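The values are calculated or read from the model by the stated rules, or taken from the named source; none is laboratory data. Because the structure is predicted, anything quoted here is derived from the model rather than measured. Please note: Cβ atoms are built from the backbone with ideal geometry, for glycine as well, and neighbour counts cover all protein chains shown. Heavy atoms of the whole protein, side chains included, go into the accessibility calculation; ligands, DNA and RNA do not. Shrake-Rupley method; radii C 1.70, N 1.55, O 1.52, S 1.80 Å.
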Amino acid sequence: MPPLVSVIVPCHNSRKTLALCVEAAQAQTYAEIEVIVVDDASTDDSAAIAESLGAAVVRLPVTGGAGLARNRGMAAARGEVLFFVDSDVALAPDAVEQAMRMFADHPEYAAVWGVYGDRPLVDDGIVERVQVLTGHYRQSGLDVVHTGHFAVGALRREVVDRIGGFDERLVGQWTNEDHEFGLRIAENFPVGRAVRVVGFHDDDDRVTSVVRKRFGRAVSLIPLVLKQRDLKPEREALHRPAELAAIGLTGLGLLLAVVWPALGVLAVAAFGVFLWTVRGMLGFVRRSAGWPTAAAAAGLTFLYGFAVGLGGLTGALRYAIDPRFRRRYRTVSM
């Protein structure tokens, strides 16, 4: 018999997309599947939706976050392979089959991380379309990957047996518990990117939501970036260092131009460098969705990158003055 794959879906108040997520998991071309939904103390009818579709449901009495929910899902799973899907993601029909094929072709891989598809699961407007297209482009272009993509990704159970699961001490928004676990996996095992393992994401559709998320995650990512220098996780971030430097110089040029207008040239030149660093992504967006969406992608990418830069500076300051923040990602207890 082919190995059993346990599809694990953590959810919290996910009634908008949960049925689409579960139905897509159940309709996979790979037959040996069990679907486990871990309801993280939802206040809506998410658990009832999952049960009505025939999924196994693990109910948590108190909200504990995505890391704890995924751990409880792994504890309930029977499969040799653990396939993680977020509740706002619907897998392409052959996603699990493609993951299993990659494991067969690369028996050394402990995990294979998929990518978001190039269209939204639910299209809520241009902000979401930009999110989806830029995310798809940047994920698909990574040859080497270390940080885990637990919205669409598969893991051999033996990995959890050896190094444990998600660090349940990392609770709250934007704690990067997924990055921590992904980097811990990459420290101990080879992992790979699987561009044919695709999930369609219902992404953020409000600029303010994206800005808050990018800022918050950038703050919390600093201890991991500084402690995992050998893996260089910043190279896999949505905003690359050269891009962030160009955005920062643009902002600095604008500030200096208030005092000395001639320095506005610095802002113009730096913005040109920014556009050059993201030219491939903008070209992909233009070909996929046209010039208006590409123009929106340029402006939004600049804004989001500015938020990431501020978040990184804030995180670096906290790392310098707050010992508890420096110790945040100490070795997980086994």
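Worth pointing out:
- Being touching a residue at least 12 places away in the same chain (Cβ under 8 Å) and under 16 Å from the mean Cα position of the chain (by Cα) holds for only one residue in Leu231, Leu221, and it is Leu221.
- Segment 26-63, residues that are touching a residue at least 24 places away in the same chain (Cβ under 8 Å), in contact with a helix residue (DSSP H, G or I) (Cβ under 8 Å, 6 or more places away or on another chain) and hydrophobic (A, V, I, L, M, F, W, C): Ile33, Val35, Ile36, Val37, Val38, Ile49, Ala50, Leu53, Ala55
- Residues in segment 108-119 that are open to solvent by less than 10 Å² (accessible area, probe 1.4 Å), under 24 Å from Asp161 (Cα atoms) and assigned to a loop (DSSP other than H, G, I, E, B): Ala110 alone.
- For segment 125-132, the count of residues that are open to solvent by less than 20 Å² (accessible area, probe 1.4 Å), touching a strand residue (DSSP E or B) at 6+ places or on another chain (Cβ under 6 Å) and not charged (D, E, K, R) is zero.
- Selection within segment 255-271 - more than 17 Å from Tyr304 (Cα to Cα) and open to solvent by less than 40 Å² (accessible area, probe 1.4 Å): Ala257, Gly264, Ala267
- Only one of the numbered conditions (1) open to solvent by 80 Å² or more (accessible area, probe 1.4 Å); (2) of a type in the set (Val, Ile, Thr); (3) closer than 30 Å to Lys16 by Cβ is not met by Val210, and that is (1).
- Options Leu317, Leu252, Leu310, Leu275: the member that is hydrophobic (A, V, I, L, M, F, W, C), under 25 Å from the mean Cα position of the chain (by Cα), surrounded by fewer than 19 Cβ atoms within 10 Å (Cβ to Cβ) and over 28 Å from Leu183 (Cα atoms): Leu275
- Of everything listed in (1) modelled with pLDDT of 95 or more; (2) surrounded by fewer than 17 Cβ atoms within 10 Å (Cβ to Cβ); (3) within 27 Å of Ser220 (Cα to Cα), the single unmet condition for Thr331 is (1).
- Of all positions in segment 42-56, at least one carries a residue that is assigned to a strand (DSSP E or B) and surrounded by fewer than 20 Cβ atoms within 10 Å (Cβ to Cβ).
- Selection count, segment 278-298, where residues are open to solvent by 30 Å² or more (accessible area, probe 1.4 Å) and of a type in the set (Ser, Thr, Tyr): 1
- Count of residues meeting criterion [part of a helix (DSSP H, G or I) and open to solvent by less than 50 Å² (accessible area, probe 1.4 Å)] in segment 77-107: 7
- Reported count of residues in segment 144-165, each being at negative phi, at pLDDT 90 or above and more than 15 Å from the chain's Cα centre (by Cα), is 10.
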